[in-house]
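Heads up: the structure comes next, in structure tokens.
The values are calculated or read from the model by the stated rules, or taken from the named source; none is laboratory data. These numbers were taken from a predicted model, which means no experiment stands behind them. Glycine gets a Cβ as well: all are built from the backbone with ideal geometry, and neighbour counts include every protein chain shown. SASA here: full protein model, heavy atoms, side chains in, ligands and nucleic acids out. Shrake-Rupley method; radii C 1.70, N 1.55, O 1.52, S 1.80 Å.
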Amino acid sequence: AAAFTVLTEPKPSALTRFAEAHGMATLVHDPGVGGRYSALSNVGLLPAALAGLDVRAIRAGASAALDASLKAPAAESPAALGAALNIGLATEKGFGVTVLMPYVDALAPLAFWFRQLWAESLGKDGKGTLPANSLGTVDQHSQLQLYLGGPNDKLYTLILSDVAGQGRPSKPSDDAELAYLTGRPLGDLLDAEQRATAETLIRNGRPTRIMTVARADEASMGALMAHFELETILAARLLDVDPFDQPAVEEGKVLARAYLDRAPKTT
């Protein structure tokens, strides 16, 4: 039991009773913080600490991002501008999809988290836009054709990193066609790919915004998560929906429980 710590809301529940019965330590999860918004609370930071990450740096990055948006005039607030861009394109131009495409492998899970955050917070009363997660450079070969040649109904957010110069320089090749790669590390190739994708989207009239991080570390992760949480909340306010509930999901949970209650049990 000493090896387990339970995170749960401060109320009677099956999990609370299980922890008490087995003598497990219990940490309180604030019931005012919904699941998809809890990554920067003890729900997300305890696993981060156990994984060896610097949780103070995560919170510091989050705090810096919130300060940059909340202490700036609305016209200069990154989160307010992002919300206005998303909802303005959706309501005025019919852009129904927002694509988050990091060019950092370590940020691929962030895009999945954003997908839930955006969809579950905004998809109410017939409103909202469809969040799509993408990953560079992988999806240059599976999605970019649609992005450039398909319907112009998407906003693209690219997260780029300072990768130029990283890695070992490549060795000379006997093939003259590959001479342009001689002496260049892999970081140069990735940098060229990410910049080329951004420029190509812009040249083709696709609404594109670019975020940059020096590297995928604790501070940048905290900053990105805080930014997207605030941007989502502000977008919900522009749509006049509650960003913190999920009534359609709850309806499905109730129905699933009813199915289980009625289904015959196997022994």
Considering segment 69-87 alone, what residues qualify as being surrounded by 14 or more Cβ atoms within 10 Å (Cβ to Cβ), free of Cβ contacts under 8 Å to residues at least 12 places away in the same chain and assigned to a helix (DSSP H, G or I)?
Leu81
Odd one out for Asp242 among (1) assigned to a helix (DSSP H, G or I); (2) out of contact with any Leu (no Cβ under 9 Å at 6 or more places or on another chain)
(1)
Scanning segment 11-58 residue by residue, the ones that are open to solvent by 70 Å² or more (accessible area, probe 1.4 Å), more than 25 Å from Pro243 (Cα to Cα) and part of a loop (DSSP other than H, G, I, E, B) total 5
Based on what the data block shows, is Gly61 buried (at least 19 other Cβ atoms within 10 Å of the Cβ) and more than 12 Å from the chain's Cα centre (by Cα)?
yes
For residues that are free of Cβ contacts under 8 Å to residues at least 40 places away in the same chain and hydroxyl-bearing (Ser, Thr, Tyr), scanning just segment 121-157, find the one that is farthest from Ile87 (Cα to Cα).
Ser142
When the residues of segment 124-156 are filtered to those that are under 11 Å from Tyr103 (Cα atoms), in contact with a helix residue (DSSP H, G or I) (Cβ under 8 Å, 6 or more places away or on another chain) and open to solvent by less than 30 Å² (accessible area, probe 1.4 Å), which remaining residue is modelled with the highest pLDDT?
Ser134
State whether one or more residues within segment 201-219 are assigned to a helix (DSSP H, G or I) and within 30 Å of Leu53 (Cα to Cα).
yes
Let me spell it out: the conditions are (1) more than 27 Å from Asp240 (Cβ to Cβ); (2) aromatic (Phe, Trp, Tyr); (3) within 20 Å of the chain's Cα centre (by Cα), and Trp118 meets all of them except one. Which number is the exception?
(1)
Could you tell me which residue of segment 196-239 is surrounded by the fewest Cβ atoms within 10 Å (Cβ to Cβ), considering only residues that are acidic (Asp, Glu) and farther than 30 Å from Gln145 by Cβ?
Asp217
Quick check: anything in segment 111-123 open to solvent by 30 Å² or more (accessible area, probe 1.4 Å), in a loop (DSSP other than H, G, I, E, B) and modelled with pLDDT of 95 or more?
yes
Could you list, in sequence order, the residues of segment 157-192 that are in a helix (DSSP H, G or I) and open to solvent by 60 Å² or more (accessible area, probe 1.4 Å)?
Ala176, Glu177, Leu178, Tyr180, Leu186, Leu189
